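Quick notes on the structure that follows.
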Amino acid sequence: MRIVVHGANGKVGQELLAQIDEAPDIALGEAIGGRSDLPSARFAGDLVVDFSAPTGTLALLESLRGTELPLVIGTTGFDDSVRAQIEAEAQRRPILIAANFTLGFEPFRHAAIQLARALPQARIIVGEVYKADKKPAASGTTQQLVADLSTPGHTPDTEIGRVGDTPGINTVTLDLGVCRIDLTMTVRSRAAYAAGALAAARWLHGRPPGLYSNSDMF
Ligand SMILES: NC(=O)C1=CN([C@@H]2O[C@H](COP(=O)(O)OP(=O)(O)OC[C@H]3O[C@@H](n4cnc5c(N)ncnc54)[C@H](OP(=O)(O)O)[C@@H]3O)[C@@H](O)[C@H]2O)C=CC1
Ligand SMILES: O=C(O)C1=N[C@H](C(=O)O)C[C@H](O)C1
C-alpha cells in the first residue's frame, strides 16, 4: 500500500515518514509537507493520512475532489460545520477519523466508561497535559472522554495543562470524596500516534465508503 502523508513536515507527519520507511508492507506515495505544498500535490498513492490542522483538512478535502482515495484523519479541533463536511465526504470515500490513535486509547476510554457506570456518584475530572504550543482549548481526546463520560445533568470537569514538548498525558479521575480513582495514559513518543494511524490505514484500505472510527477496528 502506498500512503500519501498530508502534514508531513509536522511532528506527527515526521513520525509517519519514519515508520513508513521501516514498514515492510507500506511505501511512501507522496509527502505533502504543508499548506504551500498542497496545490501541487499529485496524490500518488492508495490512501491519504492527514495530521495537519482543521483548515488544512478542509483544503485537503477540496483537493481530493474527483478521487476516491481513502482518508485517515488524525487532525483534531473541527467545528460542527467541518465535521458535517467530513461526514458528507464519507459518502464518496472511506474515512476513518479518531481523536487519539494511541493503540491503548480505546481500552483506556472503555475502562473509564465502565468505572463511571459503576460509580455514578463520583465527581469526574478529565485532565490533559500537552506541548506548550498546543491550543489552550481542550484537546480532541479530552472532548471525546468528556462526551463518553457525560450523563444527563452531569458533565465532567476538565483540567488543561501545557508543558514543554509533552507528547500527551490523559487522565480520568473519579472522586468519591473519601477516596479517588485515577486512570492515566502517558504517551512517551508521538511514534505512538503514527503507529496507530498506520494500523488504521491498513484496516481502512479496501473498505467501502463510510465514516469509521478507531472503535470500529476493535
Ligand atoms: N488523532 C491523533 O492521534 C493525534 C492527533 N493530532 C492532531 O494532529 C494535528 C497535527 O499535529 P502535529 O503534527 O503535532 O502538528 P504540527 O503543527 O507539528 O504539524 C502540522 C502540519 O500540518 C501542516 N499543515 C497543512 N495545512 C495546514 C494548515 N492549513 N494550517 C496549519 N498547518 C497546516 C503544517 O505545515 P505548514 O505549517 O508548513 O503548513 C505541518 O506540517 C493536530 O490537529 C493535532 O491535534 C496530533 C497527535 C495525535
Ligand atoms: O496535538 C497533539 O499533540 C495531540 N492532539 C490530539 C488531540 O487533540 O486530542 C491527540 C493527541 O492527544 C495529541
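Condition check ((1) farther than 26 Å from Gln91 by Cα; (2) within 16 Å of ligand 2 (Cβ to nearest atom); (3) in contact with a strand residue (DSSP E or B) (Cβ under 9 Å, 6 or more places away or on another chain)) across all residues:
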{"site": "Gly10", "(1), (2), (3)": "yes, yes, no"}
{"site": "Gln14", "(1), (2), (3)": "yes, yes, no"}
{"site": "Leu17", "(1), (2), (3)": "yes, no, yes"}
{"site": "Gly29", "(1), (2), (3)": "no, no, yes"}
{"site": "Val48", "(1), (2), (3)": "no, no, yes"}
{"site": "Phe51", "(1), (2), (3)": "no, yes, yes"}
{"site": "Pro54", "(1), (2), (3)": "no, yes, no"}
{"site": "Thr57", "(1), (2), (3)": "no, yes, yes"}
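Can you confirm whether Arg207 is among the charged types (D, E, K, R) and not in a helix (DSSP H, G or I)? Can you show your working first?
On the way: among the charged types (D, E, K, R): yes; not in a helix (DSSP H, G or I): yes.
It is true that Arg207 is among the charged types (D, E, K, R) and not in a helix (DSSP H, G or I).
Collect the residues in region 147-182 that are outside any strand (DSSP E or B), of a type outside the set (Ser, Thr, Tyr) and more than 16 Å from ligand 1 (Cβ to nearest atom), keeping them in residue-number order. Please lay out each step first, then the result.
Filtering region 147-182 down to residues outside any strand (DSSP E or B) leaves 147-150, 152-153, 155-156, 163-167, 176-179.
With of a type outside the set (Ser, Thr, Tyr) added as a condition, the list becomes 147-149, 152-153, 156, 163-165, 167, 176-179.
Within region 147-182, Leu149, Pro152, Gly153, Pro156, Leu176, Gly177, Val178, Cys179 qualify.
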| field | Subset of region 152-166 [in contact with a Lys or Arg (Cβ under 9 Å, 6 or more places away or on another chain) and polar (S, T, N, Q)] | value | Thr166
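Would you check if there is a residue in region 45-66 being under 21 Å from Met217 (Cβ atoms) and open to solvent by 60 Å² or more (accessible area, probe 1.4 Å)? Working first, answer last.
First, the residues of region 45-66 that are under 21 Å from Met217 (Cβ atoms): 45-51, 57.
Then keep just the ones that are open to solvent by 60 Å² or more (accessible area, probe 1.4 Å); that gives none.
No, region 45-66 contains no residue that is under 21 Å from Met217 (Cβ atoms) and open to solvent by 60 Å² or more (accessible area, probe 1.4 Å).
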| message | Can you confirm whether Glu15 is charged (D, E, K, R), outside any strand (DSSP E or B), touching a helix residue (DSSP H, G or I) at 6+ places or on another chain (Cβ under 6 Å) and not assigned by TED's automatic domain parsing to the domain that holds Ile169? | response | yes
| query | For region 78-103, how many residues meet the condition of being within 16 Å of ligand 1 (Cβ to nearest atom), open to solvent by less than 40 Å² (accessible area, probe 1.4 Å) and either in contact with a helix residue (DSSP H, G or I) (Cβ under 6 Å, 6 or more places away or on another chain) or modelled with pLDDT under 95 (or both)? | reply | 8
| field | Residue match in region 107-130 (condition: open to solvent by 10 Å² or more (accessible area, probe 1.4 Å), part of a loop (DSSP other than H, G, I, E, B) and within 13 Å of ligand 1 (Cβ to nearest atom)) | value | no
| task | Having 3 or more residues that are more than 26 Å from Thr141 (Cβ to Cβ) and free of Cβ contacts under 8 Å to residues at least 60 places away in the same chain is the bar; report the strands (runs of 3 or more DSSP E) wholly within region 22-106 that clear it. | result | 27-32
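The values are calculated or read from the model by the stated rules, or taken from the named source; none is laboratory data. As the structure is a prediction and not an experimental result, all values here were calculated from the model. All Cβ positions, even for glycine, are placed from backbone atoms using ideal geometry, and neighbour counts span all protein chains on display. All accessible areas refer to the heavy atoms of the entire protein, side chains included, with ligands and DNA or RNA removed. Shrake-Rupley method; radii C 1.70, N 1.55, O 1.52, S 1.80 Å.
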